[in-house]
Amino acid sequence: MPGRRERCQQLVRDLIQEYALPPKDLHIVLFGETGVGKSSLINLVAGENIAMVSPDSQGCTLDSKEYAFPMGFRTIRLWDTVGLEEPDEGVNGYLGAIEKAIELIRRLNAVGGMSLLLFCIRGNRITATTQSNYRLFFEVLGKKEVPIALAITHLEREAGEMEHWWPRNVKTLEKYGIISGGHVCLTCVEDNSRYLESRDAIRALLSRYADQGKFLMPAEAWIGRLLRGLGSLVGEKNIPKRKDVIRVLTKRCHLDPTVAQRVAAWLD
């Protein structure tokens, strides 16, 4: 029936949208080292180029950029977040991370929390920094209560199915203490023959976490835990003095002085 199929398809979609319960937004914190392909992954999921791809982009640890786009009947709100890098950034890097951490936590609190941590890693590179990023986001930011999934990128040259990468490397990930509730092996190269297959795979993975609720905790405790956890990862020599932390919390982050002192106490 030429011409009628498309019309019937739209009628069915309109019917579903009119009578179905409103779908829950999916709030995702995406993290990983520079160069793993996070921007390309965002464009893959969104189905359009909404994130600028720049392999040399630099930012402060926990600096983030928010994207919102539809996926089916629901909306994806995704925070592309700068993780830890090698080498460490010293005391100044830690102070800058404080400001970015509070900004990220305020954003997450404002929308009701986060649904999923999505850890983007390269298929050919698992390092100590990969482990540190996992600990910072899953153990500290998510308090081991937020589901975490892995997106393994740069597998366009994988012989056979890209999923074959997983059984060969899962033991190495576990050796670094990296355990996830789900994973997807994919390519983000648009002209690759498996690009659309990768889009379907990542969207199917994300859909699994759509109705699991959101993680939220009081901002003061959340910030304090994150600062202490960050300090344990960057090393004692890079942790600033308490007075400098309080100064950043009050002057740059506009926290009440009393609250700033309580948050800074988490570093002791």
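The values are calculated or read from the model by the stated rules, or taken from the named source; none is laboratory data. Here the structure is a predicted model, which is why all the values come from computation and not from measurement. Note that we place each Cβ from the backbone using ideal geometry, even for glycine, and neighbour counts take in every protein chain shown.
Going by the structure shown, is Glu197 under 21 Å from Leu116 (Cα atoms) and among the acidic types (Asp, Glu)? When the stated conditions are applied, Glu197 does not pass them.
As a summary of the residue check, Ser180 satisfies the conditions (1) modelled with pLDDT of 95 or more; (2) of a type in the set (S, T, N, Q); (3) outside any helix (DSSP H, G or I) except for the one numbered (1).
Residue under question is Ser193, and the condition is that it be of a type in the set (Ser, Thr, Tyr), more than 20 Å from Gly83 (Cβ to Cβ) and surrounded by fewer than 12 Cβ atoms within 10 Å (Cβ to Cβ); does it hold? Yes; evaluated as a whole, the condition is true for this residue.
When Glu139 is tested against the conditions (1) within 29 Å of Ile50 (Cα to Cα); (2) in contact (Cβ under 8 Å) with a residue 40 or more places away in the chain; (3) charged (D, E, K, R), the lone failure is (1).
Restricting Ala260, Ala221, Ala204 to residues that are free of Cβ contacts under 8 Å to residues at least 24 places away in the same chain, surrounded by 18 or more Cβ atoms within 10 Å (Cβ to Cβ) and on the phi < 0 side of the Ramachandran plot narrows the list to Ala260.
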